[in-house]
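The structure appears below as structure tokens.
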Amino acid sequence: MVEKSELLRVPVFADLPDDQLDWFISQAQELHLKAGETYSRQGDPADAMFVILEGHLHGRGELNGESIVFDLEPGDVTGVLPYSRMKQFTVGQRAETDSRALRFPASLFPDLIQKMPELTKRLVGLMSDRIREVTRLEQQRDRLVSLGKLSAGLAHELNNPASAAKRAASQLGQMLNKVRDASLELGRRDLTPTQKAEIEKLEASFTQPDIVPPDALTISDLEDQIDSLLRSHGQNDLWQLAAELARRNIKPEMVESLFANLDGDTARAALVRIAASVEIASLLHEIESSTSRISDLVGAIKEYTHMDQAPVLNVDVVKSLETTLTILNHKLKQGVAVQRDYKGVPLLVNSFGSELNQVWTNIIDNAIDAMRGKGELRVRTYSDDGCAVVEITDNGPGIPEEVEPHIFEPFFTTKGVGEGTGLGLDTVQRIVKKHRGSIQVSSKPGETRFQVWLPLAGTSA
């Protein structure tokens, strides 16, 4: 027999009148559970509330494909609760040790609401806590999924310049050996100061960093001309050198000047060194370009996450948008053209860490998906009535009329199982409201526009 004192130890029953406790105990069924015994199964009709009195119990199930595991101790209340729309148990529950519980049938909830209003209020609060916790877990999962996608794209974006820099560094060693060997060969020859100066002058002009590379047709013509010139001077095996010089837009007459001032073997050694120096200049430029790209990406990641910065700070909306576009470049570059229309002066808003970047990421990522990775994305910023306004527009098929009213609802998604949790735009709306802003959407075939209004820093909403 269950004593009232046992029920009073359960937090939601604390301080309730004796007559109400007596009624609840009289309507509930006492369960004596052996270790390992199951008292509710996932998928069973949600027809009862359970109050744990003794022992240790364990729950396990799935929510949107994700495993849920939790423990139940004396004082916990589980199962279906008043006003809940649960039709089936979403988890299965079993006793880990010998346990006792009260089973209260859901069919008596109308009587419970009438006879025990304070308990009903507490149980509704408990249900709200459950909903918040489930929502928190879903939002966390959504963030992790998004993070996984971003991480995969960033890994690819970082790998490309890193591989290029590594490849260039490896080739750089080979070119340095060529320069050394050619320099030793030239050192063995009795060159006049004028000849040395001519070689150095040509080498300096050939390795200028701002040389604009010619188009493919011009390179092919130059390569043929330089190769013919070298062959006319008996240098029949320097075709690769001819190709290297052509890529640097070197004219045949500049090569001819070497043969005009030097004998054939000396001119050959000078050309080998000059060509190697040209290639070194090109490799150094590639290394600098690749490492700069890596540095830019790392900077974008830091900016995106607001590492080493205060949790609340003034954020330049345009800079925030550009950071997000950099982070999503791995998806955009597959076929999405970005058109920018930014206001000339900075638009500063108060932002909580990287939360605004989450807004832009979700909207832009949805736009890319809607366009199936091919189309035009237009990003516009301007100020109006004390607010920074951001418009993000895609030329995809549009949002179906019957879907548009629901896009900001939690857990609403049009994507397939495992592709989306339905929390992307719900998260966007929550963050925008947290920043005292608003979000609007308009859609028709060929144009879907999200418009985000955020109070400018220093203004009040």
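The values are calculated or read from the model by the stated rules, or taken from the named source; none is laboratory data. Just so it is clear, the model here is predicted, and its values are computed rather than measured. As a convention, Cβ positions derive from the backbone with ideal geometry for all residues, glycine included, and neighbour counts pool all protein chains shown. All accessible areas refer to the heavy atoms of the entire protein, side chains included, with ligands and DNA or RNA removed. Shrake-Rupley method; radii C 1.70, N 1.55, O 1.52, S 1.80 Å.
With a Förster radius of 22 Å, plug the Cβ-Cβ distance of Asn177 and Asp263 into 1/(1 + (r/R0)^6) and report the FRET value to the nearest 0.05.
Efficiency, rounded to the nearest 0.05: 0.35.
Residue separation times 0.36 nm, minus the C-alpha to C-alpha distance between Gln451 and Ser163: what's the value? If you can, show how the numbers build up before the last one.
Working: separation 288, 0.36 × 288 = 103.68 nm, distance 3.96 nm.
Gain on stretching Gln451 to Ser163: 99.7 nm.
Take the solvent-accessible surface of the protein heavy atoms, probe 1.4 Å, and return the percent of it on the stretch 219-355 that carbon and sulfur atoms account for.
Values: 3240 of 6490 Å².
Ligands and nucleic acids excluded, carbon and sulfur give 50 percent.
May I ask for the equivalent-ellipsoid semi-axes of the stretch 183-240, computed as the square root of five times each C-alpha gyration tensor eigenvalue and listed largest first in whole Å? Each step should come with its number before you reach the end.
Numbers: eigenvalues 130, 66, 16 Å².
Square roots of five times the eigenvalues give 26, 18, 9 Å.
Pairs to check: Lys166/Lys201; Lys121/Lys434; Lys333/Lys374; Lys178/Lys201; Lys331/Lys374. Give those whose C-alpha atoms are more than 21 Å from each other in this structure. It would help to have the intermediate numbers written out before the result.
Numbers: Lys166/Lys201 31 Å; Lys121/Lys434 28 Å; Lys333/Lys374 9 Å; Lys178/Lys201 19 Å; Lys331/Lys374 10 Å.
Violating the 21 Å limit, Cα to Cα: Lys166/Lys201; Lys121/Lys434.
Kindly provide the pair-distance distribution of the stretch 229-331 built from C-alpha pairs, with 10 Å bins from 0 and whole-percent values in order of increasing distance.
Taking all Cα pairs of the stretch 229-331, the binned fractions are 12, 30, 14, 13, 14, 12, 4, 0 percent.
On a 0 to 90° scale, report how tilted helix 193-206 is relative to the longest principal axis of the chain, with both axes built from alpha carbons and the result rounded to the nearest 10.
The angle comes out at about 30 degrees.
Can you give the extra length, in nm with one decimal, that the chain gains between Glu404 and Asp385 once fully stretched, where that is 0.36 nm per residue apart less the Cα-Cα distance?
Values: separation 19, 0.36 × 19 = 6.84 nm, distance 2.68 nm.
Length difference between fully extended and current span is 4.2 nm.
D for the chain, whole µm²/s, Stokes-Einstein with Kirkwood Rh over alpha-carbon pairs at 37 °C and 0.692 mPa s: what number? Mind dumping the intermediate values first?
Numbers: Rh = 28.9 Å.
Answer from the Stokes-Einstein relation: 114 µm²/s.
So what's the stretch 22-87 giving for Rg/Rh, alpha carbon basis, Kirkwood Rh from the mean inverse pair distance?
On the way: Rg = 13.0 Å, Rh = 13.5 Å.
Result: Rg/Rh = 0.96.
Restricting to the stretch 257-411, compute how many DSSP beta bridges are antiparallel as a %, nearest 5. Intermediate results must be reported in sequence, preceding the final value.
Details: 13 of 19 bridges.
Percentage antiparallel, nearest 5: 70.
Quick one: what Rg and Dmax do you get for the stretch 257-395 from the alpha carbons, in Å?
Considering the stretch 257-395 through its Cα atoms, Rg and Dmax are 23.4, 78 Å.
Describe numerically, in nm with one decimal, the distance between label points set 7 Å from Cα along Cα→Cβ at Glu54 and at Glu253.
The modelled label-to-label distance comes out at 10.6 nm.
In whole Hz and in residue order, list the ³J(HN,Hα) couplings for the stretch 316-333 that follow from phi through the Karplus curve 6.51 cos²θ - 1.76 cosθ + 1.60, θ = phi - 60°; x for Gly and Pro.
Listing the rounded values in order: 6, 4, 5, 4, 5, 5, 5, 4, 5, 5, 5, 5, 8, 4, 4, 8, 5, 6 Hz.
Take Asp369 and Lys115, extend 7 Å from each Cα along the Cα→Cβ direction, and tell me the distance between the two endpoints in nm.
It works out to 4.9 nm between the two label points.
Under 16 Å from the 7 Å Cα→Cβ point of Gln88, by amide nitrogen: which residues of the stretch 22-43?
In the stretch 22-43, the label zone of Gln88 (backbone N under 16 Å from the point 7 Å along Cα→Cβ) covers 40-43.
Please give the length that would be gained between Leu284 and His32 if that part of the chain were fully extended, namely 0.36 nm times their separation in residues minus their C-alpha to C-alpha distance (nm, one decimal). Don't skip to the answer; put the middle values down first.
Details: separation 252, 0.36 × 252 = 90.72 nm, distance 7.74 nm.
Extra length from Leu284 to His32 when fully extended: 83.0 nm.
With each pseudo-label sitting 7 Å past Cα toward Cβ, what's the Arg41-Ser232 distance in nm, one decimal?
Each label point is offset 7 Å from its Cα along the Cβ direction, giving 9.3 nm.
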